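To start, the structure under review is shown below, and the notes come after it.
The values are calculated or read from the model by the stated rules, or taken from the named source; none is laboratory data. Please read these numbers as outputs of a predicted model, since none were measured by experiment. So basically every Cβ, Gly included, is an ideal-geometry build from the backbone, and we count neighbours across all protein chains shown. Surface accessibility is based on the protein's heavy atoms, side chains included, excluding ligands, DNA and RNA. Shrake-Rupley method; radii C 1.70, N 1.55, O 1.52, S 1.80 Å.
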Amino acid sequence: MTDRTVALLVAAGQGSRAGGDIAKQFRLIGGKPVLAHAVDALSRHPAIDSIILVVGAGQEAEARTAIGDRPVAAIVQGADSRRGSVRAGLEHIASSGGAARILIHDAARPFLPGAVIDRLLSALAQAPGAIPTLPVTDTLVRNEAARAGEIVDRDGLARVQTPQAFHFDAILAAHRAWDIAREATDDAQIMRHAGHDVILVAGDERLEKLTYAEDFARAEVRLGATRRIRTGMGYDVHRLAPEEELWLCGVHIPHDRGLAGHSDADVAIHALVDALLGALAEGDIGSHFPPSDPQWRGVASSRFLEYAAERVAKRDGFIEHVDLTLICEAPKIGPHRDAMRGRIAEILGLSLDRVSVKATTTERLGFAGRREGIAAQAVATLSLPALI
């Protein structure tokens, strides 16, 4: 059986209670669609291998516009109910090789901390299901014709959130066995009905569901108030040497010489890794991957960049933009710029409009002007939670 962990992102609703003419998953928060926020949150987590998106009938084009170049393995058409939409997504995964674990998440909860995913996946070692919850802190009363009725004892009660995590085969079988004449409030209910244990883990206030118009206003305020912009700078130099391959921004460049040094000596990626680590205040590339360690000799520098992106994700951060400048007389960077931007975007899981690659010369001055080496400068802009 495959050992994949798949995220099933459910975005098939109309969101009529939120008001407006646009389904809530396509509305903007902080200038970005709700759906894009949710995809970014899932794709940043290193344990998630792929994302399957479920949308309503006729929503595929709007969904593709909302997510842009973000990495979604498939877009599946959902059903009239949430249960039916989840079932459609599960069946698609089953027909595409299956999975070991699945996270079922509502797009209307776009701000998903990585720590919640960590807790859910850890809990799956103890039971076939796990859900995030929050304690009930308010007094509860029964509504009796708009008058306060009896107090409901809140001890032992919890507010349930998503994502909900399951062993894939167990939740698929539970959905298939469910009486379709009934509706379920969530997938944990279906799982428990099939006789499986579901563990509770700590949820997060940031996972509150967007339901009403005022929820979007609060989300705008929260997004601005709870995140801080960090900027990091990186600089690196490698000498040009015969009988070496030339790698720049993860792209092999035909040239009469290549760069010598750490790993494959991709000077651009090395500078970018330093910029990302600098924005996190977590040292530099040499402190994480010492040049004296033989295991890194000849290794593709893309591994270092993937690691830096994982460090950002671990801090629940977003990579907002990266800007690279290559300093050399040769080779000409222009013919390779698009491929370079595409490769950096692919490694970091970013859209192309958030990746800049430029080049300049030193007017034949210095080591770069004498074609002895290539230098690179990088700037990385991150947003991180205000309280780390």
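Brief remarks on what is shown
- Computed about its Cα centre, the charge dipole of the range 123-180 is approximately 120 debye, with only Lys, Arg, Asp and Glu carrying charge at their Cβ.
- Most to least accessible of Trp178, Trp247 (protein chains only, probe 1.4 Å): Trp247, Trp178
- Gaussian network model of the chain, springs between alpha carbon atoms under 10 Å - residue of Ala23, Ala11, Ala217 with greatest fluctuation: Ala217
- Taking 0.36 nm per residue of separation and subtracting the Cα-Cα distance, full extension of the segment from Lys358 to Ala145 would add 70.0 nm.
- Each Lys or Arg adds one and each Asp or Glu subtracts one; over the other residues with Cβ under 14 Å from the Cβ of Thr325, this totals 0.
- Share, in percent, of DSSP beta bridges within the chain that are antiparallel, nearest 5: 60
- Dipole magnitude (debye, nearest 20) for the range 228-385, charges at Cβ of Lys, Arg, Asp, Glu: 280
- FRET efficiency for the pair Ser95 and Leu157, taken as 1/(1 + (r/R0)^6) with r the Cβ-Cβ distance and R0 = 41 Å, rounds to 0.60.
- Proximal lysines relative to Lys24, as straight alpha-carbon distance under 21 Å, when same-chain residues fewer than 8 apart are discounted: Lys32, Lys209
- Backbone amide hydrogens, once placed in the peptide plane, bring Val76 within less than 5 Å of Leu53, Val54, Val55, excluding anything fewer than 5 places away on its chain.
- Sorted peptide list for 375-384, 255-264, criterion being average Cβ within 10 angstrom, highest first: 375-384, 255-264
- Accessible area of Ile229 in the full protein assembly, 1.4 Å probe (Å², nearest 10): 110
- Close amide-amide hydrogen proximity is noted between Ile199 and Gly129, Ala130, Ile131, each under 5 Å apart and 5 or more residues distant or on a separate chain (H modeled in the peptide plane; Pro and chain starts excluded).
- When both bridge partners sit in the range 5-211, DSSP labels roughly 40% of those beta bridges antiparallel.
- The range 155-223 and the range 256-293 have Cα centres lying 42 Å from one another.
- Given charges at beta-carbon only (K, R positive; D, E negative), |dipole| of the chain in Debye: 460
- Spatially proximal aspartates and glutamates relative to Lys358 (Cα-Cα < 12 Å; intrachain offsets below 8 disregarded): Asp323, Asp338
- Heavy-atom accessible area per residue - the range 228-385, 1.4 Å, Å²: 45
- Where Phe168, Phe367 fall by accessible area, highest first, once all protein chains stay in place (1.4 Å): Phe367, Phe168
- Gaussian network model of the chain, springs between alpha carbon atoms under 10 Å - residue of Ala108, Ala158, Ala268 with greatest fluctuation: Ala158
- Distance between modelled label sites at Thr65 and Thr2, nm, 7 Å Cα→Cβ extension: 3.1
- Computed over the range 228-385, Cα set: Rg, Dmax in Å: 14.8, 46
- Gaussian network model of the chain, springs between alpha carbon atoms under 10 Å - residue of Thr139, Thr231, Thr361 with greatest fluctuation: Thr139
- Based on protein heavy atoms only, the range 100-178 ends up with 46 Å² per residue of surface accessible to a 1.4 Å probe.
- The fraction of accessible area contributed by carbon and sulfur in the chain is 50 percent, rounded to a whole number (1.4 Å probe; ligands and nucleic acids excluded).
- Comparing His255, Ile52, Gly129 along the charge dipole axis of the chain, the residue lying farthest to the positive side is Ile52, per the Cβ-charge model.
- Glu183 accessible area, 1.4 Å probe, all protein chains in place, Å² to nearest 10: 100
- Taking amide H positions as modeled 1.01 Å from N, with prolines and chain starts lacking one, the residues under 5 Å from Arg227 and 5 or more places away or on another chain are Ala386.
- Helix runs (DSSP H) in the chain reaching 15 Å along axis by Cα, Kyte-Doolittle at least 0.5: 267-280
- [x] 0.97; [y] 1.05; [z] 0.95, with the label sought being that of the calculated Rg/Rh (Cα atoms, Kirkwood Rh): [y]
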